[in-house]
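Here's the structure we're looking at; comments come further down.
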């Protein structure tokens with residue numbers, strides 16, 4: 001176990017090293033920091049002096065070591081646009097993104113497990129087929145399009161006049177398919193409750209929750225079909241196994257076989273794939289936050305790109321790198337702990 | 001099966017007798033999807049013939065006729081069947097041209113991914129040792145970020161370095177490069193896994209004993225036996241590449257709005273959705289979904305038929 005831990009840790013450090021070199025190379029090659037500091041009207045001799053003073057003429061390696069040393073201490077430099085430490089800007093935007101990811105994860109867990117299990121137990125029932133059909137359509141719709149459709153239906157409203165209004169059922173059908181469109185679709189709302197420090201939460205008030213619904217559903221829509229299919233596939237495989245047949249032969253109630261015996265082993269691979277997918281959700285937050293103008297890290301990153309705010313871009317990359325590396329390492333560790341058949345010290349399969 | 005003549009069956013006969021054709025004849029979904037996909041590809045590449053207006057020709061665009069609705073809504077203009085966008089471009093024409101650009105980028109990116117991924121996967125699997133370690137560690141690192149994230153970051157950085165004017169001029173090439181570079185590990189892993197299964201078989205030993213060079217064994221002997229997983233992931237990858245293009249364009253890191261692709265059309269329409277002109281964004285959106293869905297369903301069918309041992313996890 002210790003050997004495995006150390007191995008994972010080494011891997012994590014290696015990845016972070018690669019990311020930091022890349023991030024530094026970006027910072028080094030994009031734009032001229034002296035230009036950013038002094039503007040146009042300073043003579044070349046003074047620029048050279050500033051360069052010398054800040055060590056910008058040092059070799060790449062020396063500069064990189066300085067950058068890494070500062071980064072480890074949490075000093076990523078100042079954002080050009082916000083004129084405050086880049087890490088503080090990120091910290092201010094982080095809670096919004098984390099709440100969004102949390103809400104989306106909640107939706108995914110609440111829906112994928114029952115649907116996945118049901119469609120594994122009854123693979124031929126029309127409801128399962130419907131779910132599988134919806135899930136492949138769900139995979140094929142990009143997350144920003146889901147978001148736009150949700151905005152159209154629930155925030156703008158749809159008036160259906162497809163059916164003849166004169167007949168009673170026509171009017172009823174028109175009414176049934178029309179939506180009012182009163183859901184908020186822009187930002188986090190006015191009713192945020194401060195929890196601690198710079199963490200304002202959407203989860204405490206009705207208005208806040210309303211603002212969270214559409215972004216969270218859009219973000220969940222990209223992962224939900226994947227999870228349903230994964231849980232279904234794993235569950236079907238488990239249901240074929242000897243021990244499930246044995247439990248059934250012993251006369252244990254089917255409900256107990258499904259939800260105690262089979263579900264436990266189904267969740268093993270789901271945890272690992274799931275953990276990694278939660279990490280990749282960070283990428284989708286960029287898209288979701290853009291559509292809903294959700295003031296999180298993703299929107300901040302896109303703004304930083306448009307403003308060529310290089311320290312902020314670099315800090316974002318490093319933070320996202322840390323998030324990925326930490327989630328992947330934790331997932332590996334959990335998998336190693338709950339699944340004793342994994343050879344912890346051996347080569348990865 | 002004993003045949004009296006020794007003439008080997010032609011390609012067409014082999015196809016007709018294959019399990020693939022047998023299963024295709026019985027699968028209504030696969031037939032429908034292939035039909036839809038082929039129709040869309042033909043319509044997209046014949047867009048100069050099919051489209052009533054040319055969206056690149058500014059003289060054919062009339063700003064006065066902007067935001068006209070499609071034909072089934074009151075206030076539609078009969079010249080524009082699917083309505084017009086905010087710049088007064090005919091939506092039917094720009095969707096056709098846009099689909100062409102999206103398909104071009106999708107195919108281009110997948111070809112690039114396949115070239116890189118297959119070469120690296122073959123090398124990693126066949127040569128093993130240090131080459132394998134380095135290449136697979138690289139793939140691991142890249143895959144531990146989502147590929148979309150890599151594409152967004154690379155796109156953003158390239159755009160920041162080169163300036164947006166240069167970037168939008170070469171947007172098609174840039175997108176192919178970015179999406180191709182972001183997704184090669186998928187191929188590399190799949191190919192490596194099947195090469196590892198193949199390389200200890202006797203025919204490879206035989207080729208080695210005959211003294212053939214590694215390169216020849218890799219590409220002429222091992223590669224043909226790893227084709228079916230490559231085909232299967234290719235379909236999914238084309239769908240993914242088209243979605244990635246749309247996502248990048250939607251974020252403003254892809255095709256510029258003057259140069260329609262499905263993604264940039266959705267983006268330009270999104271700005272007008274609050275004013276009630278939903279068709280500008282939702283019609284290209286629907287086309288994108290139908291395209292991706294038909295490719296995904298074909299991929300599902302292909303995976304069931306070929307049933308390769310795909311690399312799991």
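The values are calculated or read from the model by the stated rules, or taken from the named source; none is laboratory data. Note that the structure is a prediction, hence the values are computed from the model and not measured. When we count neighbours, we look across all protein chains shown, and the Cβ atoms used for this are built from the backbone with ideal geometry, even at glycine.
Just one residue in the set B:118, B:131 is away from chain A (no Cβ under 12 Å), surrounded by fewer than 15 Cβ atoms within 10 Å (Cβ to Cβ) and either farther than 30 Å from residue A:278 by Cβ or at pLDDT below 90 (or both); that residue is B:131.
Within the range B:226-240, can one find any residue that is within 14 Å of chain A (Cβ to nearest Cβ), under 25 Å from residue A:151 (Cα atoms), in contact (Cβ under 8 Å) with a residue 12 or more places away in the chain and assigned to a helix (DSSP H, G or I)? Looking for residues that are within 14 Å of chain A (Cβ to nearest Cβ), under 25 Å from residue A:151 (Cα atoms), in contact (Cβ under 8 Å) with a residue 12 or more places away in the chain and assigned to a helix (DSSP H, G or I), one finds at least one in the range B:226-240, hence yes.
When the range A:310-321 is filtered for residues that are surrounded by fewer than 24 Cβ atoms within 10 Å (Cβ to Cβ), out of contact with any strand residue (DSSP E or B) (no Cβ under 9 Å at 6 or more places or on another chain) and either farther than 12 Å from residue A:86 by Cα or more than 9 Å from chain B (Cβ to nearest Cβ) (or both), the ones remaining, listed by number, are A:318, A:319, A:320, A:321. Applying the set (1) over 17 Å from residue B:56 (Cβ atoms); (2) touching a residue at least 12 places away in the same chain (Cβ under 8 Å); (3) assigned to a helix (DSSP H, G or I) to residue B:134 leaves exactly one unmet item: (2). Here is the figure for the range B:164-193: residues that are more than 11 Å from every other protein chain (Cβ to nearest Cβ), more than 28 Å from residue B:133 (Cα to Cα) and part of a helix (DSSP H, G or I) total 10. As a summary of the residue check, residue A:294 satisfies the conditions (1) within 13 Å of chain B (Cβ to nearest Cβ); (2) surrounded by 19 or more Cβ atoms within 10 Å (Cβ to Cβ); (3) not in a helix (DSSP H, G or I) except for the one numbered (1). For the range B:263-282, the tally of residues that are more than 9 Å from every other protein chain (Cβ to nearest Cβ) and either assigned to a loop (DSSP other than H, G, I, E, B) or touching a helix residue (DSSP H, G or I) at 6+ places or on another chain (Cβ under 6 Å) (or both) stands at 6.
Restricted to the range A:99-201, the set of helices (runs of 4 or more DSSP H) holding at least 3 residues that are at pLDDT below 85, within 14 Å of chain B (Cβ to nearest Cβ) and under 28 Å from the mean Cα position of the chain (by Cα) is empty. Across the range A:239-281, the number of residues qualifying as over 17 Å from residue A:106 (Cα atoms) and either in a helix (DSSP H, G or I) or touching a residue at least 60 places away in the same chain (Cβ under 8 Å) (or both) comes to 24.
Within the bounds of the range A:75-87, is there any residue that is surrounded by fewer than 18 Cβ atoms within 10 Å (Cβ to Cβ), on the phi > 0 side of the Ramachandran plot and out of contact with any strand residue (DSSP E or B) (no Cβ under 9 Å at 6 or more places or on another chain)? Within the range A:75-87 (the criterion being surrounded by fewer than 18 Cβ atoms within 10 Å (Cβ to Cβ), on the phi > 0 side of the Ramachandran plot and out of contact with any strand residue (DSSP E or B) (no Cβ under 9 Å at 6 or more places or on another chain)), the answer is yes, since at least one residue qualifies. A single entry from A:150, A:192 fulfils the requirement of being farther than 20 Å from residue B:285 by Cβ and surrounded by 11 or more Cβ atoms within 10 Å (Cβ to Cβ): A:192. The numbered conditions (1) within 11 Å of chain A (Cβ to nearest Cβ); (2) assigned to a loop (DSSP other than H, G, I, E, B) are all true for residue B:291 except (2). Just checking, does the range A:323-342 include any residue being closer than 22 Å to residue B:182 by Cα and loosely packed, with under 15 Cβ neighbours inside 10 Å? Among the residues of the range A:323-342, at least one is closer than 22 Å to residue B:182 by Cα and loosely packed, with under 15 Cβ neighbours inside 10 Å, which makes the answer yes. Do we have any residue at all in the range B:156-163 that's surrounded by fewer than 22 Cβ atoms within 10 Å (Cβ to Cβ), away from chain A (no Cβ under 14 Å) and not in a helix (DSSP H, G or I)? No - not one qualifying residue is present in the range B:156-163.
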